[in-house]
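Let me begin by presenting the structure, written as structure tokens, before commenting on it.
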Amino acid sequence: MMYKIRLIGDPVLREKTKQVTNFDGQLQKTVAQMIDFMHQEDGIGLAAPQVGLRNSILVVDISPIEEEEKPRAFINPKIISAEGESVVEEGCLSIPGVREDVTRPERIRLAYQDLDGRRIEEDYDGWLARVLQHELDHLNGILFVDLISPVKRQLLINQGLIPEKY
Ligand code: CO
């Protein structure tokens, strides 16, 4: 089974995902397929709604930026605290051709579960913090173009790069 990327304008990207409650073989399979698909699409992060799934799952692999990194999976992630501020240009597999500066906290503390359902709390900064926040937004129906200035957003609409209603 191969996934297809859901693009901006697809209603599934606006839905809030449901918590994962079954930490079983099916979850492991889904995560493995999401990681394969993310690699195939040359992405450094992917959230379940981007492939049409409605579960709170995201995968990240920033090894193209930080060599020693490996694919990571986060189930039911939630930011419990955040501090600092940074501006980074972001893109999104669901919004091809668009890159814009986005302001977000620099450091986050994240609570999540691993594939076995174990609860973990960890601090992240740098690229991992950035990608995790972008993907976590997807799980709540938020896209990075929601976070840019209305003027810039209108420009993207005028240029036909994003739909007027999404
Ligand atoms: Co995205």
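The values are calculated or read from the model by the stated rules, or taken from the named source; none is laboratory data. This is a predicted model, so every value here is computed, not measured. Every residue, glycine as well, gets a Cβ built from its backbone with ideal geometry; the counts of neighbours run over all protein chains shown. Accessible surface areas use protein heavy atoms only, side chains included; no ligands, DNA or RNA. Shrake-Rupley method; radii C 1.70, N 1.55, O 1.52, S 1.80 Å.
For the range 89-137, give me the residue count where each residue is part of a helix (DSSP H, G or I), crowded, with 18+ Cβ neighbours inside 10 Å and more than 13 Å from the ligand (Cβ to nearest atom).
So the count comes out to 2.
Which ones in the range 38-69 are open to solvent by 10 Å² or more (accessible area, probe 1.4 Å), polar (S, T, N, Q) and either within 14 Å of the ligand (Cβ to nearest atom) or touching a Ser or Thr at 6+ places or on another chain (Cβ under 6 Å) (or both)?
N55
Is it the case, given these coordinates, that V131 is under 30 Å from N22 (Cβ atoms), β-branched (V, I, T) and at pLDDT 95 or above?
Against the criterion (under 30 Å from N22 (Cβ atoms), β-branched (V, I, T) and at pLDDT 95 or above), V131 qualifies.
Could you list, in sequence order, all residues of the range 24-41 that are in contact (Cβ under 8 Å) with a residue 60 or more places away in the chain and within 18 Å of I62 (Cβ to Cβ)?
V31
Need pairs with beta-carbon distance below 9 Å; first residue at pLDDT below 95 and within the range 141-166, second open to solvent by 80 Å² or more (accessible area, probe 1.4 Å); sequence gap 6+ or separate chains.
Y166/R14
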